């Protein structure tokens, strides 16, 4: 099999993993959503619902720290993005395949979607005229630089996720191959028996902590960073005065609620 045949086979495998994972997560989110709707608030929730709610609350807390009360319709996409990247990074813990994020086309597609979303939000908030006008901010000679900035965001987000996950896979591959050769050398000099050499014990012992570190810990960190960057870039697309306006409206609502409470107490 030639190099290109192996490359095409690997790309096909990654594509199937991504498509299957998308379908799986979509079904899971629909089922979980229906369970939350039917759940009785007076009864103790199941362990599964508690775990899901904890994960969603974590992403929502991160979302609120960036957006506050703004753009609540963007929250479902953020939650799905976080869990989607997590599952792609966790795949080697359950299946003998590499993470789907080691395919640059996957990370590039995710970055493109995130940047396109941020540009669509900017058009909605500023209008088409204001969107094109911001490229000349603060002066018109900076138009090329502002355009390049958008593409640089795509490259930085996609390469950060791709390179960090790929480096972990490469390190695990190097360590695994080195341990295999070490065990073969130990067998040749008679340190281990033939049966033990076939079991590849060294790889079995050392691969578990490596998988936990690179797939679980680093995979979680990279999913968090990618999601946070997406939220930051979208928040940069919002008008600067929107925070002040919403803070004033929230203060007015709090004052109205306090007045009503005082009247009810009297």
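The values are calculated or read from the model by the stated rules, or taken from the named source; none is laboratory data. What you are looking at is a predicted structure, and each value in this text was computed from that prediction instead of being measured. No Cβ is skipped: glycine too gets one built from the backbone with ideal geometry, and neighbour counts run over all protein chains shown.
Below are the figures for this structure:
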| quantity | calculated |
| --- | --- |
| Failed criterion for residue 55 (all others in (1) in contact (Cβ under 8 Å) with a residue 24 or more places away in the chain; (2) within 16 Å of the chain's Cα centre (by Cα); (3) surrounded by 15 or more Cβ atoms within 10 Å (Cβ to Cβ) hold) | (3) |
| Failed criterion for residue 79 (all others in (1) free of Cβ contacts under 8 Å to residues at least 60 places away in the same chain; (2) more than 19 Å from the chain's Cα centre (by Cα); (3) surrounded by 14 or more Cβ atoms within 10 Å (Cβ to Cβ); (4) under 20 Å from residue 226 (Cβ atoms) hold) | (2) |
| Residue list for segment 91-122, restricted to those being surrounded by 18 or more Cβ atoms within 10 Å (Cβ to Cβ) and within 17 Å of residue 173 (Cα to Cα) | 91, 92, 98, 99, 100, 101, 102, 103 |
| Qualifying residue in segment 134-144 (condition: outside any helix (DSSP H, G or I), more than 18 Å from residue 81 (Cα to Cα) and touching a helix residue (DSSP H, G or I) at 6+ places or on another chain (Cβ under 8 Å)) | yes |
| Residue in segment 74-81 that is more than 19 Å from residue 28 (Cα to Cα) and either out of contact with any helix residue (DSSP H, G or I) (no Cβ under 7 Å at 6 or more places or on another chain) or not in a helix (DSSP H, G or I) (or both) present | no |
| Residue in segment 238-256 that is outside any helix (DSSP H, G or I), touching a helix residue (DSSP H, G or I) at 6+ places or on another chain (Cβ under 6 Å) and at pLDDT below 75 present | yes |
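Quick grid of which residues meet (1) modelled with pLDDT under 60; (2) under 26 Å from the mean Cα position of the chain (by Cα); (3) surrounded by fewer than 15 Cβ atoms within 10 Å (Cβ to Cβ):
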residue	(1), (2), (3)
170	no, yes, yes
176	no, no, no
179	no, no, no
194	yes, no, yes
223	no, yes, no
229	no, yes, no
234	no, yes, no
